[in-house]
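Before any comments, here is the structure.
Derivation of every value follows stated rules applied to the coordinates shown; laboratory data play no part. On a predicted model such as this, the values are computed, not experimentally measured, just so you know.
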């Protein structure tokens, strides 16, 4: 799996280009304000963008979706509960169907709480979390559609994934640009609320 992480915008957003090494098919997760940069990187690595996935409907994550669709011909995917934010979307998920990109099969997890239609994508022990889970923290719930107990339940579900799972968040808000489930269990400031708090051995 090829993973390219881009930081863009005034809110330290992360966008991801994820490609299949065998077929060179790719997906872009949460294109920000500079889709040309993502497309240029895809061309550089010989990747063909088939899908654009929005992990939720907030504009800082969806702003480049329509333009990237025009430039690449890719289909836009978003959960049906957030689909009003992206009228150009081609696929509106209402279940947790897998997404196949070349030889990569992403497990789509509905993780509401930050927004009603929040999703995460999991494949090959890599988890793209949008604004559900950050490094050391989680998405806010004081915006329309946010609900903290629901978000906590979603994150408890993510904590069931293998400890070695790499977390790729939607913003660069933590001490590092990525982490692992194991690290989050020990260090996330919300870990007790999520029902997972593991003290380091001393």
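Taking every Cα-Cα distance in the range 2-194 and sorting them into 10 Å bins starting at zero, the pair-distance distribution P(r) comes out as 10, 40, 38, 11, 0 percent. Helix-only arithmetic for the chain: the sum of -39500 (n - 2.57) across DSSP H runs with n ≥ 4, divided by the residue total, places the mean residue ellipticity at 222 nm at -5500 deg cm²/dmol.
Taking all C-alpha pairs of the range 111-167, those more than 15 Å from each other amount to 42 percent.
Kirkwood analysis of the range 1-75, using all unique Cα-Cα pairs, places the hydrodynamic radius at 11.9 Å.
Note: relative contact order over the chain, using C-alpha pairs below 8 Å and six or more positions apart, is 15 percent.
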